[in-house]
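A short worksheet on the structure shown next.
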Amino acid sequence: VLELLRGVQRGSEDRKRTLSCLRWALQNKETQQKFVRLDGSIRTLIGLFTSSLADMQMEAARCLHELSHSSDPAVAEACLPVTSYLLIYLSGHSVEFTELCLYTLGNLVVESKAVRKQLLPQGIIPALTSCIQSPHEPVLEGLGYVLSQLLQAKEAPTEVIPLVLDSVLPQHMLRLVCSGLKAGIGAAVEFAWCLHYVICSHTADAALLSLGALPALTSLLLDLASEIPQDAPEGLELLVCPVLRCLSNLLAEEMSCEVHIQDERLLIALFLILQCFLQQHPFIVQECLWLLNNLTADEPFFCSALLSLDLLPALLQLLPCSQMASVLVLTVLCNIAEKGPAYCQQLHRLPALPLLLPTLMLPDPEVVGQCLELLHLLFLHWPEAAADFLRQGGHRALEQHQSTPELQERARALLDMVGQPPGASAFS
């Protein structure tokens, strides 16, 4: 390592080759740690990185990029003197050079709070803002990476997000996400996660809603669903996931009550996405169900649309997918049942009860508890469901939970509702 550094410092004719060898050597963790401890090592790289020789600049940038991959905070902090130059060179002489600077910044941001603390007063947000209108997808993808790393930092809600909201970044992020496949799926994915991290801070919902985030993301989801029956681009699920989360989180906030979305095509899109990704990408199922839960929680429109579009059978088929899917499906059914007798009557007409009986037999208290909540709503609003449940032997499933501490009270209450005294099934 020392010999390579000396070779670079001597400025010999083969300095570029020596620098290239150093870059390969810096892929090793121990080499990274040894290199930053050598006197003048980072200063030498900065000298070449800021030189007027484009090929030397590029090789030095690659060496710094290799160092930024280190998971050792000491290596990241040794790179502190280079951060201001990385920001200056974001308007670099080539796409590859700008991309290298962005990913180096992003990697350093991940590993070191000291780097993040230094970058904010150095003007990283204005520097990123100046890049966001770049026509080059690799630059946009790298920019999204840096921003997503900043937005995930512990101090982001108080130190980063206010600066982001005071810039034009949010509207450009929304534009790039909603351009979806046109801007390149990689960039769209990065900026979708950036939007998600901003929304999760709960300080930016009003600003994003005022930019039209809810209708824009809804429209994007409809477009993405329309791509599915044809040749869905590779990695489409990577964009669908954060878009679903952004919509779910925006709908969960009280502010969004002022912005109503009443478009039954959104439900059709959700079930198309579910059908497409169920086998290969089951994590999407949970995301879709979270959004469906938030759509139906307070809004009768989507509860009615689920019934009128005959989507309940498809929803019930998701019950066995996973523990979380079971809980969310039952929660959506509870949202519908809460709307009153007419809704419970329609739920009863569907073959829901026969599917709920096996669910009641599961050993998972959370799933069973949600199932008991659904039965309570059905019996309360539509007593015929209670009589039907009794005829199908449902009381036996309830009785087995009388000894489960967290379920026994609800199980006994439901037995009372169906008019079945405890222990009666033994003589039926």
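The values are calculated or read from the model by the stated rules, or taken from the named source; none is laboratory data. A quick note: this is a predicted structure, and the numbers were derived from the prediction, not measured. Cβ: placed from backbone, ideal geometry, glycine included. Neighbour counts: every protein chain shown. The accessibility values were calculated without ligands, DNA or RNA, using every heavy atom of the protein model including side chains. Shrake-Rupley method; radii C 1.70, N 1.55, O 1.52, S 1.80 Å.
The residues of segment 133-226 have, on average, 37 Å² of accessible surface per residue, using a 1.4 Å probe with all protein chains present. So how tilted is helix 265-277 from the main axis of the chain? Cα-based, degrees 0 to 90, rounded to 10. Once rounded, one gets 70 degrees.
When the chain is treated as a GNM with alpha-carbon contacts under 10 Å, the residue of Val198, Val168, Val367 showing the greatest mean-square fluctuation is Val168.
Between helix 137-151 and the chain there is an angle of about 70 degrees, using the helix long axis and the longest principal axis of the Cα atoms. Across segment 167-179, coupling constants 3J(HN,Hα) worked out from phi with the 6.51/-1.76/1.60 Karplus curve, θ = phi - 60°, read 9, 8, 4, x, 5, 6, 4, 4, 4, 5, 5, 6, 6 Hz, and Gly and Pro carry x.
Listed by chain and number, the lysines placed with their C-alpha closer than 29 angstrom to that of Lys29 are Lys16, Lys113, Lys117, Lys154; residues fewer than eight positions away on the same chain are left out.
Heavy atoms of the protein chains alone define the surface here; on that basis segment 1-122 has 47 Å² accessible area per residue at 1.4 Å probe size.
Taking the chain as a Gaussian network, where each spring joins two C-alpha atoms under 10 Å apart, which residue of Val110, Val285, Val418 fluctuates the most? Most flexible of the set in this elastic network: Val418.
Please grab the % of Cα pairs in segment 60-166 that end up more than 17 Å from each other. The calculated P(r) of segment 60-166 puts 46 percent of pairs beyond 17 Å.
Its Cα gyration tensor gives segment 133-226 an equivalent ellipsoid. The semi-axes, each the square root of 5 times an eigenvalue, are 21, 16, 11 Å from largest down. For the chain, the carbon plus sulfur part of the accessible surface works out to 53%, probe radius 1.4 Å. In the chain, the longest principal axis of the Cα atoms and the axis of helix 236-252 are about 60 degrees apart. Given segment 1-122 reduced to its alpha-carbon atoms as identical point scatterers, what log10 I(q)/I(0) does the Debye formula return at q = 0.14 Å⁻¹? Log-scaled intensity ratios, in q order: -0.52. Per residue of the chain, the DSSP helices (runs of n ≥ 4 H) give a summed -39500 (n - 2.57) that works out to -21000 deg cm²/dmol at 222 nm. Computed from the C-beta positions of Gln133 and Leu278, the FRET efficiency with R₀ = 45 Å rounds to 0.70. Of all aspartates and glutamates in the structure, the ones whose alpha carbon falls short of 15 Å from that of Lys34, not counting any fewer than 8 places away in one chain, are Glu3, Glu66, Asp72, Glu77. Within the full protein context, the accessible area of Glu287 is estimated at about 20 Å² for a probe radius of 1.4 Å. Our compactness index for the chain, the C-alpha radius of gyration over the empirical 2.2 N^0.38 Å, is 1.29.
Among the GluC sites (Glu not before Pro) in segment 1-61, those located in a DSSP loop and surrounded by at most 15 other Cβ atoms within 10 Å of their own Cβ are Glu13.
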